[in-house]
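Sharing a structure with you now.
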Amino acid sequence: MLSREDNELLTRTGRGTPMGDLMRRYWIPALFSNQLPEPDGAPVRVKLMGEKLVAFRDTEGRVGLLDERCPHRTASLFFGRNEECGLRCVYHGWKFDVEGNCVDLPSEPWDKDFKRKIKITAYPCLERGGMVWTYMGPPDLKPEFPEIEWTLVPDSHRYVTRHLQDCNWLQALEGGFDVSHLSFLHQGTADGPDGRPIAIPTRYEVVPTDYGMVSITGRDLPDGNSALAANVMLMPFHKLISTSPIGAHVWVPVDDNETMNYSVEYWPDRPLNAEELAESQDYSFIHPELLPGSDRAVLNKDNDYLVDRSLQKSGHSYTGIFGLGVQDCGIQESMGPVADRTIEHLGVSDTSIIQIRRMLLRILKDVADGGTPPGLDAKSYRVRSGRFTLAKGKPLSEGVHDFVRIKEPAFAK
Ligand code: FES
Ligand SMILES: [Fe+2]
């Protein structure tokens, strides 16, 4: 459990909150590149950590991400005209470029200096892995773009979707590192290779790293070796999943009650084949079916995820809810928009969750004391999740570091 104060500290992400300011030190996904398919196309609304923004691709193909409110009288730039290298407010014609400069102010023709005094908040953007990423922190502290493997492989090697979750980002991230739920929540949907429910691990450990941590689960084998899964947490809200193809999530706070869950599958060294893509697209795994034109899943909390109680009783599905991603989303939303962590009872199987909270609280304290957050070194992200055998007698942390580190990244060749 957590104190009320620590729960607030970890879950609040608005500008000026400790966690919000920490997240703003990293590059974070804002939207898909193909949501801005062409220069001078329609602007798109984006909300990140409670900030309402608007994204657009200018005449030169550059992506801008501006405060949605026009600094004149706060009209929405979503309705703006995207033309001649800038977004023009349709209320009185003020126009802004991707850097936030006011480049035209036609309503005040007698004051040539006025426009030089006007700036709109604009966040720098980069396109990587089919997505637009932004940096919302202090300009002089902007880090290099992290070398997250799935963002650097060719498009053919990667499949990415996103869906909204009606709950706080930390609930979603903790759900991702909650290992024992695999043996229950997803029973009937994601079972072991023998078709039986995934056995509850007997080892739960966490290895701290310079980019976050690695959550280790598994069991010791009769021969003295250990069969382990390494799931990686990258600061501030990424997971690399120990599946094949390799999976990943990014849980980006839309605001404190809503999270954009990006879900990824990729191969480092080859395209996803037709069969793998078909599996990704059948909605049974981490990519739920969406309502057309939206980021909301068809199975959502308004329809109780169309829970099928007879299927649940039949023994074929522990939840009676279709799809692993919807099961996760549904159960995490059921805890309320921001879970009350003061009333929990955590056990050994919650080791990763306990350690993630401790790590984040320690980082917040370090940063408040003037320290630098971990994971700002782009190359420290050259890591990969997966399953491995730890040889008898080899220290866990050594074995984990050896396994997760990408020795020769294909993308760096
Ligand atoms: S409110 Fe945008 S130009 Fe007046
Ligand atoms: Fe899950």
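All of the numbers you see were taken from the coordinates with simple rules; none came from a lab. For clarity, every value in this text was computed on a predicted model and none was experimentally measured. Ideal geometry is used to build each Cβ from the backbone, glycine not excepted, and the neighbour counts take in all protein chains shown.
Could you please report the charge total around residue 403, scoring K, R as +1 and D, E as -1 over all other residues with beta-carbon less than 14 angstrom from its beta-carbon?
The answer is +3.
How about the chain: what cysteines have no other cysteine beta carbon under 4.7 Å from their own?
That list is 85, 102, 125, 167, 329.
Can I ask one more? Starting from the stretch 124-154, pick out the GluC sites (Glu not before Pro) whose DSSP state is loop and whose Cβ has at most 16 other Cβ atoms within 10 Å.
144
Stretch residue 112-residue 348 to full length: gain in nm at 0.36 nm per residue minus the Cα-Cα span?
So the extension gain works out to 78.3 nm.
Where Lys and Arg each count +1 and Asp and Glu each count -1, what net charge lies around residue 156 among other residues with Cβ under 15 Å from its Cβ?
-4
Which distance in nm do the two modelled labels at residue 156 and residue 276 give, with both placed 7 Å along the Cα-to-Cβ direction?
Calculated label separation equals 1.2 nm.
Within the stretch 199-232, what residues put their amide N at less than 14 Å from the label point 7 Å along the Cα-to-Cβ vector of residue 358?
Those under the cut-off are 204-209, 213-216.
Another question about this same structure. Compute the Cα gyration tensor for the stretch 149-412, then decide on rounded, prolate or oblate, letting a ≥ b ≥ c be the square roots of its eigenvalues: rounded whenever a/c is under 1.5, prolate when a/b is larger than b/c in the other cases, and oblate in all that remain. It would help to have the intermediate numbers written out before the result.
Working: a/c = 1.29, a/b = 1.22, b/c = 1.05.
Note, shape of the stretch 149-412 comes out rounded.
A further question follows. Given axes a ≥ b ≥ c from the Cα gyration tensor, I'd like to know whether the stretch 27-141 is rounded (a/c under 1.5), prolate (a/b larger than b/c) or oblate.
The shape class here is prolate.
For the stretch 371-413, just say rounded, prolate or oblate: build the C-alpha gyration tensor, square-root its eigenvalues into a ≥ b ≥ c, call rounded for a/c under 1.5, and beyond that prolate if a/b exceeds b/c, oblate if not. Walk me through the intermediate numbers first.
On the way: a/c = 3.11, a/b = 1.41, b/c = 2.20.
Oblate shape, in that a/c is at least 1.5 and b/c is the bigger or equal ratio.
Distance in nm between label sites at residue 90 and residue 397, each 7 Å beyond Cα in the beta-carbon direction?
Placing both labels 7 Å beyond Cα along the Cβ direction yields 5.8 nm.
Could you tell me how far the Cα centroid of the stretch 192-256 sits from the Cα centroid of the stretch 24-77, in Å?
Rounded to whole Å, the Cα centres lie 34 Å apart.
In whole percent, what relative contact order does the stretch 27-141 give with Cα contacts below 8 Å and a gap of six or more residues?
25 percent
Run the helix sum for the chain: -39,500 (n - 2.57) per DSSP H stretch of 4+ residues, divided by residue count, reported at 222 nm to the nearest 500 deg cm²/dmol.
-5000 deg cm²/dmol
Between residue 291 and residue 316, take the C-beta separation as r, use R0 = 25 Å, and let me know the FRET efficiency to the nearest 0.05.
0.45
Mind giving me the FRET efficiency for residue 334 and residue 103? R0 is 51 Å, r the Cβ-Cβ distance, nearest 0.05 is fine.
0.60
Follow-up question, since we're still on this one. Summing +1 for each Lys or Arg and -1 for each Asp or Glu, what net charge is found among the other residues whose Cβ lies under 11 Å from the Cβ of residue 39? Before the final figure, lay out each step's value.
On the way: positive: 57, 62; negative: 38, 40, 58, 60, 83, 84.
Surrounding charge for residue 39 is -4.
Cα to Cα, under 23 Å, and not fewer than 8 places away if on the same chain: which lysines meet these conditions relative to residue 379?
Correct list for residue 379: 142, 239, 407, 413.
Using a Förster distance of 45 Å, how high is the FRET efficiency between residue 184 and residue 38, based on the Cβ-Cβ distance and rounded to 0.05?
Values: r = 46 Å, r/R0 = 1.03.
It comes out at approximately 0.45.
Can you give the longest stretch of the chain with no exposed loop site, where a site means chymotrypsin sites (Phe, Trp or Tyr not before Pro) in a DSSP loop (not H, G, I, E or B) with at most 15 other C-beta atoms within 10 Å?
In the chain, the maximal stretch lacking such sites is 185-413.
Which distance in nm do the two modelled labels at residue 387 and residue 3 give, with both placed 7 Å along the Cα-to-Cβ direction?
4.2 nm
Please list, ordered by chain and number, the residues whose modelled amide H lies under 5 Å from the amide H of residue 46; skip anything fewer than 5 residues away on the same chain.
Amide H neighbours of residue 46: 53, 54, 55.
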